[in-house]
Amino acid sequence: MTEDRREQVRPFLRAGEHLVAVCAYELGPGVPTPPEELLPPADPSALHRRIEAKLPRPLAQLVRSRVIDPRRSRPAAAAAAVDRLPDAVDQLGTRLMHGKSMEGGWQSAAGHFLISRAGARGSVTGVLAVTDRRWFGLSDVSHLWQSTPVMKEYWEVPRPAVAAVRAKPTGVLQRGRMDLEFTDGSWVALLASVPAQAVSFAEAAAHYR
């Protein structure tokens, strides 16, 4: 557990909460991307908020409503489906090469984890933390011109909601592979950013089950 990851996690700890383990990670090869319609709208930019503040209240409410969300239109949905076809082909090839990368649908605990992560619209690398009370995930949502990471908590569940973290699962050869398994039977494949940390992270998390 590196000190810089501890520093990123520390502001998100609650009073009296004890950090057990933390690990920087990326999604495993072939993990599906949630459909755009399941994600919350992106946070408006500062410019957008300034413009909205100058609009009459009824018009501002209309702008904020989901009615004008282009993702809700049928043409947009059809275009999104076509755009996802190459991804589906890539995911099939990746699954044949690397094995299964997820179990459970978008309504499962694993699906909720991926939707929440994608909804943060942060960096490819995330931070997974487990405490004596809960699991939670952080994402760097800083802009390209910012040199200091801006961390955002995108997901949390009570500690008992995670059944296990299995490092080096049988049947796969990916370095740093960890399967995050939930008590509803769903799971998702992750890769520790530093492969050597996968086993120690899994062991530390299991010690407090």
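Read-outs: derived from the displayed coordinates by stated rules, not from any lab. Since the structure is predicted, the reported quantities are computational estimates derived from the model, not experimental observations. Here Cβ is always computed from backbone atoms with ideal geometry, including for glycine, and neighbour counts include all displayed protein chains.
Tally Lys/Arg at +1 and Asp/Glu at -1 over every other residue whose Cβ is under 15 Å from the Cβ of Q107; what's the total?
On the way: positive: none; negative: E37, E103, D184.
Local charge sum for Q107: -3.
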Net charge of neighbours whose Cβ lies under 10 Å from the Cβ of A167, counting Lys and Arg as +1 and Asp and Glu as -1: +1
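What does the C-alpha gyration tensor say about the overall shape of segment 133-209? Classify as rounded when a/c is under 1.5, otherwise prolate if a/b is larger than b/c, or oblate. Walk me through the intermediate numbers first.
Values: a/c = 2.14, a/b = 1.39, b/c = 1.53.
Verdict is oblate for segment 133-209.
Which loop-located GluC sites (Glu not before Pro) does segment 6-44 contain, where loop means any DSSP state but H, G, I, E or B and the Cβ has at most 14 other Cβ atoms within 10 Å? Walk me through the intermediate numbers first.
On the way: sites: E7, E17, E26, E36, E37; in loops: E17.
Those satisfying the criteria are E17.
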Mean Cβ count within 10 Å, highest first, over the residues of peptides 185-192, 161-168, 142-149: 185-192, 161-168, 142-149
